[in-house]
Every structure is written in structure tokens, then in C-alpha cells.
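The values are calculated or read from the model by the stated rules, or taken from the named source; none is laboratory data. Everything quoted here is computed from the prediction, not taken from an experiment. Methodologically, a virtual Cβ is constructed for each residue, glycine included, from the backbone with ideal geometry; neighbour enumeration extends over all protein chains shown. Note: accessible area is taken over every heavy atom of the protein model, side chains too, but ligands, DNA and RNA are not part of it. Shrake-Rupley method; radii C 1.70, N 1.55, O 1.52, S 1.80 Å.
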Amino acid sequence: MSAFFTALGGTFYAQYMFYIDPDITFGTNVTIEMIVRTMLGGAGTVFGPLIGSAVLESASEVMRSFLGEYKGVHIMFYATILILVMIFFPYGLMGC
């Protein structure tokens with residue numbers, strides 16, 4: 001089941017990007033972003049990464065729409081969200 005959803009996500013991602021490059025797909029930025037999403041939602045939970053992805057993607061799109069001309073500001077926002085969650089919710093938003 002995991003491989004099915006991974007393949008489905010990869011298919012949609014390839015159609016969205018129109019091009020697959022190893023640096024885009026397996027780069028450091030993508031790896032760190034996936035870890036941050038998991039830590040934000042709660043690493044030991046089933047729905048934690050889903051909640052973390054929803055919160056982080058929503059916040060990212062809002063930041064990009066307000067600060068579109070400043071590239072990379074959303075990454076600083078990721079760090080701020082992660083620091084606040086680790087201080088106030090050490091087990092993620094879903095908690096254990």
C-alpha cells in the first residue's frame with residue numbers, strides 16, 4: 001500500500017513539474033522539507049505527517065503570496081514554525 005501511494009505521488013509530481021531531475025526529486029531541500037513536515041505533525045503518529053504537511057504547505061503558500069518577490073523567505077518561516085512547535089509541542093502537533 002505504501003509503494004502504491006508513493007508511486008501515485010511520484011506520478012502526480014512528475015506531471016506537475018514536467019521534468020524529473022535527481023536534484024529536484026532527491027535533493028537536500030526536499031529531504032529536509034519532508035523531515036520538517038514529519039516533525040511538525042508528530043513523528044510517532046499516523047496522521048502527524050499529514051497534519052504537518054497541511055499546516056506547512058498552507059503557511060508556505062500564504063508567505064509566497066505576500067512575499068513573492070523575496071525568494072527564500074518561506075524557508076525562514078519554516079524554521080520559525082519548527083522552533084515554535086519544538087518549544088511548545090515537543091511531540092508535534094498531534095502529540096503522543
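Residue check: is Phe77 of a type in the set (Phe, Trp, Tyr), exposed (fewer than 10 other Cβ atoms within 10 Å of the Cβ) and assigned to a helix (DSSP H, G or I)? Against the criterion (of a type in the set (Phe, Trp, Tyr), exposed (fewer than 10 other Cβ atoms within 10 Å of the Cβ) and assigned to a helix (DSSP H, G or I)), Phe77 does not qualify.
Taking each residue of segment 23-34 that is in contact (Cβ under 8 Å) with a residue 24 or more places away in the chain and looking for partners that are open to solvent by less than 50 Å² (accessible area, probe 1.4 Å) and not in a loop (DSSP other than H, G, I, E, B) with beta-carbon atoms closer than 9 Å, six or more apart or interchain, yields Glu33/Leu56; Glu33/Tyr78.
Before we move on, is Gly9 touching a residue at least 24 places away in the same chain (Cβ under 8 Å) and surrounded by 10 or more Cβ atoms within 10 Å (Cβ to Cβ)?
no
Of all the residues that make up segment 43-56, how many are open to solvent by 70 Å² or more (accessible area, probe 1.4 Å) and under 20 Å from Ile32 (Cβ atoms)?
The first filter runs over segment 43-56 and keeps only residues open to solvent by 70 Å² or more (accessible area, probe 1.4 Å), leaving 43, 46-47, 50.
Cutting the leftovers down to under 20 Å from Ile32 (Cβ atoms) gives us 43, 50.
Here the count works out to 2.
Quick check on segment 53-65. Is at least one of its residues within 18 Å of Thr6 (Cα to Cα) and in a helix (DSSP H, G or I)? Checked segment 53-65: at least one residue is within 18 Å of Thr6 (Cα to Cα) and in a helix (DSSP H, G or I). Within the option set Leu40, Leu82, being closer than 23 Å to Gly9 by Cα and either in a helix (DSSP H, G or I) or open to solvent by 50 Å² or more (accessible area, probe 1.4 Å) (or both) holds for one residue only, Leu40. Scan segment 37-47 and tell me whether some residue there is farther than 15 Å from Tyr78 by Cα, among the aromatic types (Phe, Trp, Tyr), under 16 Å from the mean Cα position of the chain (by Cα) and modelled with pLDDT of 85 or more. Checked against the condition, which is being farther than 15 Å from Tyr78 by Cα, among the aromatic types (Phe, Trp, Tyr), under 16 Å from the mean Cα position of the chain (by Cα) and modelled with pLDDT of 85 or more, segment 37-47 yields at least one hit.
Condition test on Thr31, is it part of a loop (DSSP other than H, G, I, E, B), under 26 Å from Met94 (Cα atoms), among the polar types (S, T, N, Q) and modelled with pLDDT under 85? Taking the combined requirement at face value, the residue does not satisfy it.
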